[in-house]
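Asks: Can you read through this structure? Questions will come right after.
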Amino acid sequence: MSVLLAFVAAVLMGVGTYLVLQRQLSRIVIGVGLMGHGANVLFVLSAQGRGRPAFTTGHDKGPFTDPLPEALALTGIVITFAVTAFLLALAYRSWLVTHDDEVEDAIEDRLIARRTAEDETRRVLGGPLSDSDPEAGLTDTDLAGDPDRQRDRDRDRDSGRPGDADGGDPPGADGPRGEGP
Amino acid sequence: MTALVSLPVVLPLVAAALSIVVGRYRTAQRVIGLVTLTGAAGMAIALLVHVDSQGPIVVDAGGWPAPVGISLVADRLSAIMLCVSSLVLLAVLVFAVGQAEAERIHVGFHPAFLALSAGVSLAFVTGDLFNLFVAVEVSLMASYVLLTLGGRREQVRAGMTYVVISLMASTLFLTALALVYSAAGTVNLADLRLAIADLPGGVQDAFALLLAVVFGTKAAVFPLYFWLPDSYPTAPAPVTAVLAGLLTKVGVYALLRTQTLLFPGSAQPGTLLLVVAGVTMLVGVLGAIAQDDIRRILSFQVVSQIGYMVMGLGLFTVAGVAGAVYYMVQTILVKTSLFLTAGLIERTTGTGRLARIGGLVHRAPVVAVLFLVTALSLVGIPPLSGFVAKVALVEAGVASESYAIVAVALVASLLTLYSLVRIWTNTFWGDPLPAGPAVASEGGRGWAVMVGATAALAGLSVAAAVAAAPLYDLCARTAADLLDPARYVEAVLGR
């Protein structure tokens, strides 16, 4: 039984890790949930004197199983549940503002990569190094994401589906707008 | 006196609940938040004075004695951290009330901020490894909410990275807890100390490494730091300040506590920690040099600063750990006030991009002075607090003949100076640039409140330098306690 449970924990952890390494938010959420389950199974395994009954009646005064790991696992489940719920809400919000299920790159990272590439070109061509504003000359599309995605968003907006191209929300407007997917 | 240990946790939690109830009345929320955190700060100071003179206080939660129930322990390290964290939280809340940007976005700001305060306090006073997990989760959950309040596109992106990486660390923590419990049969820190000593050497090493990875992720040390500069800068200024200034140090605290208390000398990963510390210092500061945005520069420096504290811990000598504790105290104050100053700069100019700001010394001389004091302190220019901290660490390193790490620490300091000089020359000197629309002029009550809160923190960091001798003595006593866990174990278990 212990070996079987250990195997289950290992599989849950492995599958969870694989899913977390994906770029789609929905897969990441599921992966995080599976890894949490793996850790909780491990907790059940960690009980001292496993295999004994969890409860004993008034007549049967026999030894019972260690209750602490169950309590710890329960706490772990509650916390994982709460965080997963938050993650789902965040993923939904991400879908609302980008209309995409993928984790985005940071804009700053892209700017620095771009500046390095430009400097390299200038050095090869013998021109002056750029010391100017790295955002200068970037269009809105550059800052907001890939052109393809931008087009998708424009199309969705035209057809009246939720999607927020510029991400500038009025403060407090938090709930879902439009009629959902 | 025992109430002083649990009240810093209970009070903010109750206040957070109240704050939700009165959500529609912002003034009521402000009063609740400010009164609670002022009270918590007062209690933390009283606790520090008491613990330093009378020894650690142990409270058995629910009345169950130590190895069975959860014990809350206030020793010198806990009391120092409680003191610093409550003062910083109070100052940041005052700043947020003055700025009103973060605070007005959502009614959730005050409850989340108070919950963060409760979680951080619990992490400092708990004497139970599983309870530490819960405390870290409470503070992380609050930080998720604070980071994504408002739900702007950039915040959602950054929040996603942050939540997922924190969850990974938490899952690893749970796994480590399950393994520790199955091997040692207890999760009480003092009891674990006794139980782990009986385990085979390999198992001890594995646990020490596992916990180092978990808390290393939370503290953002070298291979596990990448999430920090990506996620923190997107939030409103006070939120970034409290997360970068305080929350990463909860990871460092947990690292200090677990590595010194749980493991005997043979299982302490000293050399590994020193290598990690050196690389963390360099990578962080090199990252800072490559950035163009004030908050991102400061965020990379947070990573670099973590390296110094890990270095002090990695030496595993009284001098090293004392240096690490002193460094932690002063860097929390300095870093938070630097981030608040960055908030003031952005407030004046409407942007944090170096290329778009200039000549601020004419427009906002007070901000320039605040930045100068805290930046020089961060670098370690005498006579400011960063200098005392770095001297302590360097002396400890030389005393242990770890010359390589000392050299790395000095080089990293020099590079830190360079990255801060870049901010200074681009932001404060030069001709005033017609930047984006200024969010506020330097008048009005809100501005005065923000400057006051920032100046109070900067003043505290200067005070840490003025009172360096007594403060360092306190840190040395703390380090002696940490490296001789028998006292802690006796206080908790009574044997």
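The values are calculated or read from the model by the stated rules, or taken from the named source; none is laboratory data. The model shown is predicted, which means the values in this text are computed figures rather than measured ones. All Cβ positions, glycine included, derive from the backbone under ideal geometry; neighbour counts span all protein chains shown. Just so you know, the surface numbers come from the protein's heavy atoms only, side chains and all, with ligands and any DNA or RNA stripped out. Shrake-Rupley method; radii C 1.70, N 1.55, O 1.52, S 1.80 Å.
Asks: Helix B:26-54: angle to the longest alpha-carbon principal axis of chain B, degrees 0 to 90, nearest 10?
Replies: So the inclination is approximately 40 degrees.
Asks: Using a/c under 1.5 as the rounded threshold, could you call region B:355-466 rounded, prolate or oblate? The axes a ≥ b ≥ c are square roots of the C-alpha gyration tensor eigenvalues, and prolate needs a/b larger than b/c, oblate otherwise.
Replies: oblate
Asks: May I pose another question? So how exposed is B:ARG152, as accessible area in Å² (1.4 Å probe, rounded to 10)?
Replies: Per-residue accessible area (B:ARG152): approximately 100 Å².
Asks: With a/c under 1.5 counting as rounded, go ahead and sort region B:69-189 into rounded, prolate or oblate using the C-alpha gyration tensor (a ≥ b ≥ c being the square roots of the eigenvalues; past the cut-off, prolate if a/b is larger than b/c, else oblate).
Replies: The shape class here is oblate.
Asks: Further, regarding this structure: For region A:66-118 and region B:136-151, compute the distance between their C-alpha centroids and round to whole Å.
Replies: Between the Cα centre of region A:66-118 and that of region B:136-151, the gap is 12 Å.
Asks: Quote the charge dipole size of the protein assembly as shown about the Cα centre in Debye, to the nearest 20; the model charges only the Cβ of Lys and Arg (+1) and of Asp and Glu (-1).
Replies: Result for the protein assembly as shown is approximately 780 debye, rounded to the nearest 20.
Asks: Taking only DSSP H segments of four or more residues, each worth -39500 (n - 2.57), what value at 222 nm results for the protein assembly as shown once the sum is divided by all its residues, to the nearest 500 deg cm²/dmol? Before the final figure, lay out the partial values.
Replies: Working: 28 runs with 488 residues, N = 676.
After summing the helix terms and dividing by residue count, I get -24500 deg cm²/dmol.
Asks: In terms of the Cα gyration tensor, with a ≥ b ≥ c the square roots of its eigenvalues, is region B:1-91 rounded because a/c is under 1.5, prolate because a/b exceeds b/c, or oblate?
Replies: oblate
Asks: Provide Rg over Rh for chain B; use the alpha carbon set for both Rg and the Kirkwood Rh (inverse mean inverse pair distance).
Replies: Ratio of gyration radius to Kirkwood radius: 0.95.
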